[in-house]
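Chemist: Let me begin by handing over the structure; questions about it come next.
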Amino acid sequence: MNRFKETIYNTFIALLIFIPIVAVAHYYLFPQETKCILIDYSSFKKDGRLYYDTATSPKTIDSLKSVISEASLRIADFWGEKKADPKFIYCATDSIFKKYGDNNLDPATTHYKLGSYIVINKNGIDLDIIAHEMSHAELEKRIGFYNETFKIPTWFDEGLAMQNDYRNYYSEDRLKAISDNFENLPELDSLKTARQFWSASPQKVMLNYMTAKYQVKNWYSKLKLDNLINDLNSGESFEKAYDQ
Ligand SMILES: [Zn+2]
């Protein structure tokens with residue numbers, strides 16, 4: 001075997017060994033994301049971009065489709081255009097949701113890796129909840145996985161998604177009442193990471209969501225959001241891109 005052929009052969013063998021190791025490591029580190037990526041090879045049924053387990057009733061499938069199409073209109077309205085094309089994975093039981101979604105049993109959650117996946121729990125068939133998750137997918141589509149994962153603080157990610165989430169208990173009136181007229185709000189610097197945002201009592205987490213929604217609403221204009229996306233994509237830090 002000549003030198004060139006030997007290099008190709010060695011690279012091929014290295015890939016054969018390395019790729020399964022990476023795949024197995026990914027499965028152990030991110031089991032839910034891995035299962036979502038492999039959803040086409042699962043026992044889930046597929047209807048367009050919607051996946052559901054076999055226990056799902058036809059009535060539930062109809063509700064899912066109708067909520068997703070209504071949420072798509074809201075998303076197109078806010079973002080100017082719907083660019084993301086997530087896969088929707090509906091889980092009829094908590095135990096299935098834990099396999100694809102998360103261990104906290106949220107109503108829905110979004111994963112991004114090799115595409116975006118909105119995993120919906122049985123209590124997540126709701127226009128506000130789906131629009132919220134689709135908004136996360138829209139941001140990631142525009143700024144990419146790296147910026148979404150490493151640059152965007154959790155408060156901004158959630159605050160922006162909350163602009164498409166009209167649930168009453170996150171309303172500004174409610175925040176005003178519980179924060180002494182917006183005087184006692186958590187500092188945004190204390191809500192940068194997922195751990196900071198969610199590792200708290202349910203009441204505090206709700207206050208975090210309300211605060212994030214309120215702060216992003218006061219900052220937001222379509223132009224500012226477009227500029228922020230462009231700046232992030234040009235390599236700017238979030239702090240500089242946000243502070244326009
Ligand atoms: Zn969210």
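No lab work stands behind these numbers, since they all come straight from the coordinates. Quick caveat: nothing in here was measured; it's all calculated off a predicted structure. Neighbour counts are summed over all protein chains in view; Cβ atoms, including those assigned to glycine, are modelled from backbone coordinates with ideal geometry.
Chemist: Given the options 40, 126, 53, which has the most mean-square fluctuation in a GNM of the chain, springs set between C-alpha atoms less than 10 angstrom apart?
Modeler: Of 40, 126, 53, the Gaussian network model singles out 40 as fluctuating most.
Chemist: For the chain, taking Cα atoms only, what is the radius of gyration to one decimal and the Dmax to the nearest whole Å?
Modeler: Gyration radius and largest Cα-Cα distance of the chain: 20.4, 78 Å.
Chemist: To the nearest 10 degrees, how steeply does helix 127-150 sit against the main Cα axis of the chain, on a 0 to 90 scale?
Modeler: Long axis of 127-150 versus the principal axis of the chain: about 60 degrees.
Chemist: While we're on this one: Given the convex hull of the Cα atoms of the stretch 31-143, what is a quarter of its surface area in nm²?
Modeler: Averaged projected hull area, Cα only: 6.4 nm².
Chemist: Over the stretch 119-244, calculate the relative contact order: mean separation of alpha carbon pairs under 8 Å at least 6 apart, over the residue count, as a percent.
Modeler: 29 percent
Chemist: List residues of the stretch 124-149, by number, whose backbone nitrogen lies under 19 Å from a label position 7 Å along Cα→C-beta of residue 240.
Modeler: 143-144, 146-149
Chemist: Skipping prolines and chain starts, which residues have an amide H placed within reach, meaning under 5 Å, of the one on residue 124, given they are 5 or more residues away or on another chain?
Modeler: The list, which skips near neighbours in sequence, is empty: none.
Chemist: Output ³J(HN,Hα) for the stretch 2-9: one whole-Hz value per residue in order, computed from phi by the Karplus curve 6.51 cos²θ - 1.76 cosθ + 1.60 with θ = phi - 60°, and x for Gly and Pro.
Modeler: Values, residue by residue: 6, 4, 5, 4, 5, 4, 4, 4 Hz.
Chemist: Right, another one. What's the magnitude of the charge dipole for the chain around its Cα centre, counting Lys and Arg as +1 and Asp and Glu as -1 at the beta-carbon? Answer in Debye, nearest 20.
Modeler: Dipole of the chain, to the nearest 20 debye: 740 debye.
Chemist: For the chain, which span is the longest to avoid every loop-located (per DSSP) member of GluC sites (Glu not before Pro) having at most 15 other Cβ atoms inside 10 Å?
Modeler: 82-182
Chemist: Each residue of the stretch 226-241 in turn: what ³J(HN,Hα) in whole Hz from Karplus with 6.51, -1.76, 1.60 and θ = phi - 60°, glycine and Pro shown as x?
Modeler: Karplus values, whole Hz, x for Gly and Pro: 4, 5, 4, 5, 4, 5, 4, 5, 8, x, 6, 6, 4, 4, 5, 5.
Chemist: On to the next question. For residue 171 and residue 227, calculate 0.36 nm times their separation in residues minus their Cα-Cα distance, and state this gained length in nm to one decimal.
Modeler: 17.5 nm
Chemist: Then there's this: Under a GNM of the chain (C-alpha, springs under 10 Å), which listed residue has the highest mean-square fluctuation: 153, 107, 186?
Modeler: Highest fluctuation of the listed residues: 186.
Chemist: If amide hydrogens are placed 1.01 Å from N in the peptide plane, which non-local residues have theirs closer than 5 Å to the one on residue 50?
Modeler: Answer set, sorted by chain and number: 88.
Chemist: Next up: How much length is gained on full extension from residue 149 to residue 9, taking 0.36 nm per residue of separation minus their Cα-Cα distance?
Modeler: 46.8 nm
Chemist: Do me a favour and compute the ellipsoid semi-axes for the stretch 151-244 from its Cα gyration tensor, root of five times each eigenvalue, largest one first, whole Å.
Modeler: Taking √(5λ) for each eigenvalue gives 24, 15, 11 Å, largest first.
Chemist: Computed FRET efficiency, Cβ-Cβ of residue 123 and residue 25, R0 41 Å: what is it to the nearest 0.05?
Modeler: With R0 = 41 Å, the Cβ-Cβ based efficiency is 0.80.
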